[in-house]
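Engineer: Take this structure, written in structure tokens, and hold onto it; I'll ask about it next.
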Amino acid sequence: MSSVDMSMPILIVDDYKTMLRIIRNLLKQLGFNNVDEATDGSAALQKLRDKEYSLVISDWNMEPMSGMQLLTEVRADTKLKELPFIMITAESKTENVIAAKQAGVSNYIVKPFNAATLKTKLAAVLGNF
Amino acid sequence: MAVAAVKEKIAAQLIELQKNDGSIDPEHLVSIVEAVIDSIEGDLTAVGLKVYSDIEALARYINAARAEIAELRPDDINSDYLPAATDELTAIVGSTEQATHTIFEAVESIEALTEKMDPEVAEQISAAVTSIYEACGFQDITGQRITKVVTALQHVETKVDALLNAFGDDVRRDGAPKPAGKKTTTPSGAPARPDEDLLNGPQLPENAISQDDIDALFG
């Protein structure tokens, strides 16, 4: 039996509405229906401080606050620092992955990605479901 | 004219030359060189004549180059071609986004119908729908790539503008100097960010690392 609460609140962050819709739909197919959206790091940070989330799935390259800056803010916040944080980004250079890992990202998915990869990374971060 | 007065005049001309914001009028340059030569007491040496001749040739070369650049109408690049290319590329991003959302509307409708279908058929339809969702990621990737091209075009625009300023107003069609610097709100025009050196965008396949490589970094 799954130990993962499928009704957990998840915040997805991307400046492309298309990608927000893709991730939302794929999460829905996997059984996660409690999904909120933000279009940059600063809007996401505000949501994270207003409501308790169980997972953040964020793009990197956004204006005005990037996903990397959001990750740094989250890890520096005593209330948010343990929050699982998955980066989904087109930034596919080794230096990016290493920088994100050093900043405390929970897992890293490179775009374009598929549903199977998303499911695998979610399971790695949240546990099997 | 006394030597001191000539020196003073030349010094003033050189100061004026420095104020010209990078653009040099070859005729002005020649007049300064002539003043320097006139100030030399006695006969010109062979070396002095050679220097004078070379500088005169250089001035003629600069004049000819400026005339050729003016013929090319470089201000057309900044006033017409680059803004048009930028607008077209931005329109591509907009239209692909719109089309992608239309696809989403249709696919989401199909997905909603799977609840009413035979489970085996519903499963096949769901798998196909998932593939469509995954494929729609193209809009995000192409959008980012096009944004990189737009930024590159704006960089070219800035460089052409600097070239126009360096060569003076006579290479501009309208004769009016344009202000240097960007006029956009794209990422390159945004304030510097702490991770700016890491914002590389989508990589070409030969430069990108795979998901397997990334997973290996996470151990």
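The values are calculated or read from the model by the stated rules, or taken from the named source; none is laboratory data. This is a predicted model, so every value here is computed, not measured. For neighbour counting, all protein chains shown are included, and Cβ atoms are generated from backbone atoms with ideal geometry for every residue, glycine included. Just the protein is used for accessible areas: all its heavy atoms, side chains included, with ligands, DNA and RNA removed. Shrake-Rupley method; radii C 1.70, N 1.55, O 1.52, S 1.80 Å.
Engineer: Could you work out the helix-only [θ] at 222 nm for chain A, with each DSSP H run of four or more residues adding -39,500 (n - 2.57) and the total divided by the number of residues, to the nearest 500 deg cm²/dmol? Don't skip to the end; give the middle numbers.
Structural biologist: On the way: 5 runs with 56 residues, N = 129.
That comes out to -13000 deg cm²/dmol.
Engineer: Same structure, new question: What FRET efficiency, computed as 1/(1 + (r/R0)^6) with R0 = 56 Å and r the Cβ-Cβ distance, is obtained for B:TYR81 and A:ALA116, rounded to the nearest 0.05?
Structural biologist: 0.80
Engineer: Between B:ASN63 and B:ASP197, what is the label-point separation in nm under the 7 Å Cα-to-beta-carbon projection?
Structural biologist: 4.9
Engineer: Next up: For the range A:74-105, which GluC sites (Glu not before Pro) are both in a DSSP coil and crowded by at most 16 other Cβ atoms within 10 Å?
Structural biologist: A:GLU82
Engineer: A further question follows. Kindly rank B:59-69, A:29-39, B:203-213, A:15-25 from highest to lowest mean number of other beta carbons found within 10 Å of each residue.
Structural biologist: Packing proxy ranking, top to bottom: A:15-25, A:29-39, B:59-69, B:203-213.
Engineer: Hey, which of these cross-link pairs are over 25 Å Cα-Cα: A:LYS79/A:LYS111; A:LYS17/A:LYS47; A:LYS28/A:LYS51; A:LYS17/A:LYS121? Numbers along the way, then the final one.
Structural biologist: On the way: A:LYS79/A:LYS111 30 Å; A:LYS17/A:LYS47 18 Å; A:LYS28/A:LYS51 20 Å; A:LYS17/A:LYS121 22 Å.
With Cα atoms farther than 25 Å apart: A:LYS79/A:LYS111.
Engineer: Next question, about the same structure. Which ³J(HN,Hα) values in Hz, rounded to whole numbers, follow from the phi angles of the range A:78-88 under the Karplus curve 6.51 cos²θ - 1.76 cosθ + 1.60, where θ = phi - 60° and Gly and Pro get x?
Structural biologist: Whole-Hz 3J(HN,Hα) from phi for the range A:78-88: 4, 7, 10, 4, 8, 5, x, 9, 10, 9, 10.
Engineer: Please give the total accessible area that chains A and B bury against each other, computed with a 1.4 Å probe and expressed in Å² to the nearest 100.
Structural biologist: About 3500 Å² of accessible surface is lost on pairing.
Engineer: Here's another thing I want to ask about it. Count, for each residue of B:200-211, the Cβ atoms from other chains sitting within 10 Å of its Cβ, then give me the mean as a whole number.
Structural biologist: What the average comes to for B:200-211 is 5.
Engineer: Provide, as a two-decimal number, the C-alpha radius of gyration of the range A:7-57 over 2.2 N^0.38 Å, N being how many residues it has. Numbers along the way, then the final one.
Structural biologist: On the way: Rg = 10.3 Å, N = 51, 2.2 N^0.38 = 9.8 Å.
Compactness ratio reported: 1.05.
Engineer: Here is a further query. Can you quote the Å³ per residue value for the convex hull of the Cα atoms in the range A:10-126, rounded to an integer?
Structural biologist: Looking at the range A:10-126, the number lands at 91 Å³ per residue.
Engineer: For the range B:195-200, take each phi angle, set θ = phi - 60°, evaluate the Karplus expression 6.51 cos²θ - 1.76 cosθ + 1.60, and give the result in whole Hz per residue in order, putting x for glycine and proline.
Structural biologist: Rounded to whole hertz, the list is 9, 4, 5, 9, 8, 9.
Engineer: Using the alpha-carbon centroid of each, what span in Å lies between the range A:53-92 and the range A:4-39?
Structural biologist: When both Cα centres are located, 15 Å separates them.
Engineer: Output the direction-averaged projected area (hull surface divided by four) of the convex hull of the alpha-carbon atoms of the range A:37-97, in nm².
Structural biologist: Value for the range A:37-97: 4.0 nm².
Engineer: If each of A:ASN128 and B:SER31 carries a label point 7 Å out from its Cα toward its Cβ, how far apart are those two points in nm?
Structural biologist: 8.9
Engineer: Could you derive backbone 3J(HN,Hα) for the range B:101-115 from the dihedral phi with the Karplus parameters 6.51, -1.76 and 1.60 (θ = phi - 60°), listing whole Hz in sequence and x where the residue is Gly or Pro?
Structural biologist: 5, 5, 4, 4, 4, 5, 5, 5, 5, 5, 4, 5, 6, 4, 4
Engineer: Can you spot the lysines whose alpha carbon is less than 23 Å from B:LYS7's alpha carbon? Ignore those fewer than 8 places along the same chain.
Structural biologist: B:LYS19, B:LYS50
Engineer: For the protein assembly as shown, which whole percent of the accessible surface, found with a 1.4 angstrom probe, sits on carbon and sulfur atoms?
Structural biologist: Carbon plus sulfur share of accessible area: 57 percent.
Engineer: Can you list residues whose amide H is under 5 Å from A:SER58's amide H, if they're 5+ apart or on another chain and H is modeled 1.01 Å from N?
Structural biologist: Result for A:SER58 returns A:VAL13, A:ILE86, A:MET87, A:ILE88.
Engineer: Where both partners of a DSSP beta bridge lie in the protein assembly as shown, what percent of those bridges are antiparallel, to the nearest 5? Kindly include the intermediate steps, with their values, before the conclusion.
Structural biologist: Numbers: 1 of 16 bridges.
Percentage antiparallel, nearest 5: 5.
Engineer: Bin all alpha-carbon pair distances of the protein assembly as shown at 20 Å intervals from 0 and give each bin's fraction as a whole percent.
Structural biologist: Once binned at 20 Å, the Cα pair distances of the protein assembly as shown give 23, 38, 21, 14, 4, 0.
Engineer: How well do other chains shield peptide A:91-103, expressed as the mean number of their Cβ atoms within 10 Å of each residue Cβ? Provide the component values of the computation, followed by the final result.
Structural biologist: Numbers: counts 9, 13, 7, 5, 4, 7, 7, 2, 3, 5, 4, 0, 1.
Counting other chains' Cβ atoms within 10 Å and averaging over A:91-103 gives 5.
Engineer: Would you tell me the mean number of C-beta atoms belonging to other protein chains that fall within 10 Å of each C-beta in A:68-77, as a whole number?
Structural biologist: Taking all residues of A:68-77 together, the mean is 1.
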